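What follows is calculated from the coordinates using simple rules that are stated; it is not laboratory data. Because the structure is predicted, anything quoted here is derived from the model rather than measured. Methodologically, a virtual Cβ is constructed for each residue, glycine included, from the backbone with ideal geometry; neighbour enumeration extends over all protein chains shown.
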Amino acid sequence: MPVRLKKLIGTIVLVVLVIIYALVATMIAVAQLAEAGPLVHLAYFFVGGLLWVLPAMGIISWMNKPPRA
């Protein structure tokens with residue numbers, strides 16, 4: 001697969017990942033944290049804000065692999 005095509009696909013997948021992740025994380029927060037205290041909110045959004053990085057690292061790693069010979 002050409003490098004430019006791989007980077008285009010990876011970029012689109014990253015944008016879709018971030019949008020879907022933000023919507024799901026917000027829905028979980030609204031549904032589960034309504035009665036929780038501020039420290040629980042802080043912990044949830046801290047962990048949730050960093051958790052999307054794991055799949056993003058995999059996508060970026062795939063994008064940066066050299067093409068097959």
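Screening the chain for DSSP H helices whose Cα atoms reach 27 Å or more along their own axis and whose mean Kyte hydropathy is at least 1.6 gives 3-32.
Projected label points at Val15 and Leu54, each 7 Å from Cα along the beta carbon direction, are separated by 2.6 nanometres.
Normalised Debye scattering of the chain at q = 0.12, 0.22, 0.23, 0.27 Å⁻¹ gives log10 I(q)/I(0) of -0.44, -0.90, -0.95, -1.14, counting only Cα atoms as equal scatterers and leaving out solvent.
Distance between the 7 Å Cα→Cβ label points at Ala69 and Tyr44: 5.2 nm. Legend: ranking of residues Ile9, Ile19 from fewest to most surrounding C-beta atoms inside 10 Å; resulting order Ile19, Ile9. Rounded to the nearest 0.05, the FRET efficiency derived from the C-beta distance between Trp62 and Arg4 at R0 = 22 Å is 0.95.
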